[in-house]
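Working notes, beginning with the structure itself.
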Amino acid sequence: MEYYTFTLPEHVFNLFQGKIWSRGIELYEEGEVKDAYAFDEKTVICKVKGTILYTVILHFDGGEVDLECNCEYMDDCKHEVAALMYLKDHPQLPVMKKPYSFDVTELEEFALRVSEAEYDVDEEFGDYDETLNTLYDEIEEVESVELRLQMLLCLNRCFTLNERGAKIVKDLLDEDIDKVYQVLHHNEKSEDLLFSLIVSLAELEDKDCKQSISTLIEYLLNEPLKRKAEAKELYNKYCDD
């Protein structure tokens, strides 16, 4: 397994004081840092148990450390203290390996068929529903959760998701949500693909899609994002009752 070593600057511990500092130390000592790993050579992600499981992101840049937690306490955050204490005692963290257990050639061949199908429908006025159902048939025949998810994301780039596609999303999340998150975590384009997928689900205006939308947006909010503000807007629009 590959590891990265992170060194915390001393001044980072001066960012917190009082009850926040002491409560953060308590969280760490009580074993509430449930997971910690290197996202890349500059970024650490910690999962800290509070009221729910929160995500703390530490980004290292030129001797400085930026911290972010997805809880409501902003800069006054005990979960960040717990993450710092964990990293102080465990400076060497594992890098999560790509979890793909399928031959990427299968995905490449499917992507080619999707592209050809899109051309047939657009240019030759083929039967849209029939074409889409044929591609859904192919996805549902696949055993691997990883490959099914990648195929669905690929399909969603070219075709508008329908109720059957929404059911595939729900089935994937119900079957193995951890595996889904791992695949998304290691897909460089997953952020943009997920935004597209969430919008497609929302456009169906199906109440059965709400849980899938909420789950996918929660994933976006728990990962290092370039489009964090947009993810929060999606949450406010579709999930915040």
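Each reported figure results from applying straightforward, stated rules to the coordinates on display, with no laboratory input. All values reported here derive from a predicted model rather than from experimental measurement. Please note: Cβ atoms are built from the backbone with ideal geometry, for glycine as well, and neighbour counts cover all protein chains shown.
A compact table of results
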read-out	value
For the chain, the longest site-free run once trypsin sites (Lys or Arg not before Pro) in DSSP loop states with at most 12 other Cβ atoms within 10 Å are removed	1-96
Ranked list, fewest to most other Cβ atoms within 10 Å of each Cβ, for 153, 221	221, 153
Most mobile of 144, 196, 214 in a GNM of the chain (Cα contacts under 10 Å)	144
Greater than 29 Å apart at Cα, pairs in 42/170; 49/228; 88/232; 78/167; 34/232	42/170; 88/232; 78/167
Under-5 Å amide H pairs with residue 39, H placed in peptide plane, nonlocal only	44, 45
Top of 174, 192, 127 by mean-square fluctuation, Gaussian network on the chain, Cα under 10 Å	127
FRET efficiency, residue 42 to residue 127 (Cβ-Cβ, R0 41 Å, nearest 0.05)	0.25
Residue order, fewest to most surrounding Cβ atoms within 10 angstrom, among 239, 77	239, 77
The chain - percent relative contact order, Cα under 8 Å, separation 6 or more	16
Ellipsoid semi-axes in whole angstrom, largest first, where each is sqrt(5λ) of the Cα gyration tensor of the range 104-238	24, 17, 14
Ellipticity estimate at 222 nm from DSSP helix runs (n ≥ 4, -39,500 (n - 2.57)) divided over the chain, nearest 500	-18000 deg cm²/dmol
Largest-first principal axis extents, alpha carbons of the range 3-94, Å	30, 25, 22
Estimated FRET transfer efficiency when R0 is 30 angstrom, pair residue 177-residue 76 (beta carbons, to 0.05)	0.45
Normalised per residue, the volume of the convex hull around the Cα set of the chain (Å³)	142
